[in-house]
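**Student:** My questions all concern the structure below.
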Amino acid sequence: MKRSRNPYRQARMQLKEKEEAGGKNWYLEHDNTYYDFIWEFFINQYRTEDIPSYDYRIIQIFEEAGDRDSLKLDIGCGHGLMSHKLKNTIFADFSKRILTEFWLGEKYSDRVQADVFNLSFKDEIFRVVIASELLEHLENPKRALDEIKRVLQPGGIVLASVPKDKTPGEPGHYFIEVTEEMLKEWFCEFKDLRIETVEPDPWRKWVHYVIFARKEKT
Ligand SMILES: C[S@@+](CC[C@H](N)C(=O)[O-])C[C@H]1O[C@@H](n2cnc3c(N)ncnc32)[C@H](O)[C@@H]1O
C-alpha cells in the first residue's frame, strides 16, 4: 500500500489496517491515553471556573452565543470541558469512553456516540453547533462542516475553536496546523464569518482562533 507523508493520513491508514485485521479502534486507544494525561494534569487541578483567559473566554463565548432555550449540539465534545454547563445541548463524540468515564457534566446529560462526517440527526434541527478543538484533528474539515451545516437550522450558527498555527501536540495526537486562510476556505459555505484570536494564558502557551459563522437564512 502506498504510504502517505501526512501523519494524519498515515494514522488513518494504520487504523484501517488494524480494523481490517480485527484490531481495536486506533483513535479510541490514543485519545484515551491523551485524556488520561489531561485528567491528571488539567481537570484535577482546575475547576472550570478557575481556568483563566483562553479557556474561560471560549466558554463565555459559547454561553453568550446560543440563547439558553435553543437546541445545541456539541460535536467532538470530549469530556465536556468547554460546554458541559450549557443547557439544551446534545453532547456527541466519536469516543464512547470519553463520554462515559471522563464525563464532567451531569449524569443525565444527553450524550451520544457520533461521527461528525455522518451525524445521525435529521436536517436543520440545531440552532447552534459547537465544534471545539475538533476540526484540526480531521482529515477533511470542510466535509465535516458540510455535515454540520446540514443539521443546522437556516440562520443557525456554528462556533468552533482551533489552535493557531503550530501547537505542541502530544505524541500520537495528530492535528493540522491551522491558518486563517485555511479557516476562510473551510467556512466558505457559511455567512458572517468572524475569526477571533484568543491570547494564551500563563499555563496554556499557545494562541487559539475562535470562529463564528452562520448558515444562510432561506
Ligand atoms: C481535542 S478533543 C476536544 C474536546 C472538547 N471539544 C474540548 O474542547 O475540550 C477532540 C475530540 O474530538 C473527538 N473526535 C475526533 N474525531 C471525531 C469525529 N470524526 N467525530 C466526532 N468526534 C470526533 C475526539 O474523540 C475528541 O474527544
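Computed from the coordinates by the stated procedures, all read-outs in this text should not be read as laboratory data. Computed from a predicted model, the values in this text were never measured in an experiment. Cβ sites come from the backbone with ideal geometry, for glycine too, and all protein chains shown count toward neighbours.
**Student:** If each residue's Cβ is checked for other Cβ atoms within 10 Å, how do 108, 209 rank with the fewest at the top? Can you show the working numbers first?
**Tutor:** Details: 108 6, 209 21.
So the residues, fewest neighbours to most, are 108, 209.
**Student:** Further question: Would you mind ranking 93, 74 by Cβ crowding within 10 Å, fewest neighbours first?
**Tutor:** Values: 93 24, 74 28.
Ascending number of Cβ neighbours within 10 Å: 93, 74.
**Student:** Please tell me which of these pairs span more than 26 angstrom C-alpha to C-alpha: 72/142; 107/184; 184/217; 164/191; 87/217; 107/215?
**Tutor:** Numbers: 72/142 20 Å; 107/184 37 Å; 184/217 20 Å; 164/191 22 Å; 87/217 24 Å; 107/215 32 Å.
Where the Cα-Cα span goes over 26 Å, the pairs concerned are 107/184; 107/215.
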